[in-house]
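Just so you know, all these numbers are worked out from the coordinates, no wet-lab data involved. Being a predicted model, the structure only gives us computed values, none of them experimental. Cβ: placed from backbone, ideal geometry, glycine included. Neighbour counts: every protein chain shown.
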Amino acid sequence: MEEAAAQFASLPRNNPQKPRRVRCLNPFRWLEVNEGGDVTPCCGSWFKGNLGSLKNQTLEEIWNGERFRAARAAMFDGGDWEQFCNAQTCPQIYNDTWVNVDFISPQSPDIVPITAEMLDEVRNGHTAMRGGPVQIGLSCDPRCNLRCIMCSAPAVKDRSGALIKRALDGVRQFLPSVRRIKLLGDGEVFVVPEARDFLFQFDSKKYPHVEFLIHTNGLLLNEAMWAKIAHIKIDWLVVSIDAATKETYEKIRIGGDWDALLRNLDFMAQKYSEGHIRNFHLSMTVMKTNHREMGSFAEMGRRLGATSTYFFPIIGDYGGEQIFDNRDIPALRRVAEQLRLPIMSEAGIDINALERWRNWQPTFSDYMRCFRNLFKRRRT
Ligand SMILES: C[S@@+](CC[C@H](N)C(=O)[O-])C[C@H]1O[C@@H](n2cnc3c(N)ncnc32)[C@H](O)[C@@H]1O
Ligand code: SF4
Ligand code: SF4
């Protein structure tokens, strides 16, 4: 495993004719704790398997453990990255991007930051990092005030808070190196007491380099909540809404309150326009119940002045809601129509993996899949 790293370190540097390449920098800089405590070096749905579990190891042990080091070694050109990275879901692989590490700097535009020390370690083919990750994401607590119809969090049994406590203990150890903390990829950050208290008590004076990426359903982020978190730096605030009308919202986001959400959204938009939030995003997970509202949702993002309005396809089998994998042809034709609306091509509208459906035409096997799934649903 370490061979690719050693060979990489021995190659001539700064050669524009034959730049030294790394498949991806994420295992050198990012740590993500997923549902059940599984740790990955990027989004859990992009990575095959995990590099450790918070159930029996600490975050520090995992970060420079054998498996994390093996994943880093696999990233050097010639390494076996395919055993770790999922070509179907990971955008780096999907778009076939590589990183010419001798020709970038910490200032180069990138989605995840990297420090000069980390870059140096990558250039030297190191697989054990001296410092901790620069980005940590936590998705390991299902507690929430909603029960959305496409979300797996409400069914998670362990609601003891044990994992988030362990994860936050790990985050505290890494505070000297970490730059961005993402809360929460599952559950609701303003409901989970440990996560909420972590924000309330965060010492921004001691750690001025730390910024937060907050992923929320927005229902509790009102003026009173803002007053308790106003001291933290918010790089990204992502609000998941999944609808452009009250009727659709209440069908999907069970337990939600559309009118309260709209009030909070106006408040957040104001904080964003005043510069208290660096990036303000709205998000829609596209499924059967809301696919007709994509254009209206994009308009909502524009009206609120959001940095961007995201659309993602639903992942997993949620019966009739799964229109993509189940090839619900009539719904997919409507998705294509929505995607071709002029507003969907405007700056700030991000359709991500939905791009492939814009000009999609069903094949014979898509028709077969569609009929099979219709038949299956009728029988159940
Ligand atoms: C699980 S939630 C956690 C954060 C917060 N509670 C919220 O709703 O934003 C994170 C995101 O996952 C999305 N999501 C939930 N279930 C999904 C599914 N089956 N497929 C794709 N995205 C999903 C939600 O819409 C939300 O944008
Ligand atoms: S799955 Fe994608 S993002 Fe994750 S390490 Fe592999 S290439 Fe990087
Ligand atoms: S608000 Fe977020 S975590 Fe809660 S059920 Fe909905 S999608 Fe899942």
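Only bridges with both residues in the chain count here: give the DSSP antiparallel percent, nearest 5.
Numbers: 9 of 40 bridges.
The antiparallel proportion sits near 20 percent.
Enumerate the whole-percent occupancy of each 10 Å bin, from 0 to the last occupied one, for all C-alpha pair distances of the chain.
Result returned by the calculation: 5, 21, 30, 27, 15, 3, 0.
For the range 93-157 and the range 322-380, what is the centre-to-centre distance using only Cα atoms, to the nearest Å?
If you average the Cα positions of each part, the centres end up 30 Å apart.
So which of Lys205/Lys246; Lys157/Lys206; Lys182/Lys205; Lys206/Lys271 end up more than 29 Å apart, counting from Cα to Cα?
Numbers: Lys205/Lys246 41 Å; Lys157/Lys206 37 Å; Lys182/Lys205 19 Å; Lys206/Lys271 24 Å.
Distance filter (> 29 Å) returns Lys205/Lys246; Lys157/Lys206.
Under unit Cβ charges (Lys, Arg +1; Asp, Glu -1), what dipole magnitude, rounded to 20 debye, does the range 212-262 have relative to its Cα centre?
On the way: 5 positive and 7 negative charges, 33 e Å.
Its charge dipole is roughly 160 debye.
So in the range 27-147, what percent of DSSP beta bridges are antiparallel if you round to the nearest 5?
On the way: 4 of 8 bridges.
Antiparallel: roughly 50 percent of the beta bridges in the range 27-147.
Using θ = phi - 60° and the Karplus relation 6.51 cos²θ - 1.76 cosθ + 1.60, list the HN-Hα couplings for the range 235-248 in order, rounded to whole Hz, with x at every Gly or Pro.
7, 10, 10, 10, 10, 8, 10, 6, 6, 10, 9, 4, 4, 5
Ranked highest first by the average count of other Cβ atoms within 10 Å around their residues, in what order do 141-154, 44-57 fall? If you can, show how the numbers build up before the last one.
Numbers: 141-154: 19.6, 44-57: 17.6.
Put in order of decreasing packing, that is 141-154, 44-57.
Could you list which residues have their amide H under 5 Å from that of Arg21, counting only those 5 or more apart in sequence or on another chain, with H placed in the peptide plane?
Distant-sequence amide H within range of Arg21: Asp77.
Across the range 248-380, what fraction of all alpha-carbon pairs, as a whole percent, falls in each successive 10 Å bin from zero upward?
11, 38, 32, 14, 5, 0
So if I place +1 on the C-beta of Lys and Arg and -1 on the C-beta of Asp and Glu, and nothing else carries charge, what would the dipole magnitude of the chain be about its Cα centre? I want it in debye, nearest 20.
Details: 50 positive and 46 negative charges, 128 e Å.
I would put it at about 620 debye.
Every cysteine in the chain with no other Cys Cβ under 4.7 Å from its Cβ, please list them in numeric order.
Cys24, Cys42, Cys43, Cys85, Cys90, Cys140, Cys144, Cys370
Roughly speaking, what is the centre-to-centre gap between the range 17-61 and the range 181-215 when only Cα atoms are used, to the nearest Å?
Taking the Cα centre of each part, the range 17-61 and the range 181-215 sit 20 Å apart.
Quick query: amide H of Cys85 versus all other amide H atoms, modeled in the peptide plane; which residues come in under 5 Å with a sequence gap of 5 or more or a different chain?
Lys48
Treat each spin label as a single point 7 Å out from the Cα along the C-beta direction, and report the Ala155 to Leu220 distance in nm.
2.4
For the chain, which span is the longest to avoid every loop-located (per DSSP) member of GluC sites (Glu not before Pro) having at most 16 other Cβ atoms inside 10 Å? Show your work: numbers first, answer last.
Numbers: sites that count: Glu274, Glu346.
In the chain, the maximal stretch lacking such sites is 1-273.
Could you pull out every one of the aspartates and glutamates with an alpha carbon less than 14 Å from that of Lys48, ignoring same-chain neighbours closer than 8 positions?
Cross-link targets: Glu32, Asp38, Asp80, Glu82.
If you take all C-alpha pairs in the range 8-59, what percent of them are over 12 Å apart? Could you put the intermediate results ahead of the total?
On the way: 908 of 1326 pairs.
The proportion of pairs with Cα distances above 12 Å equals 68 percent.
Can you return the lysines within cross-link range of Lys376? Criterion is Cα-Cα under 22 Å, with same-chain partners fewer than 8 residues away left out.
Filter leaves Lys288.
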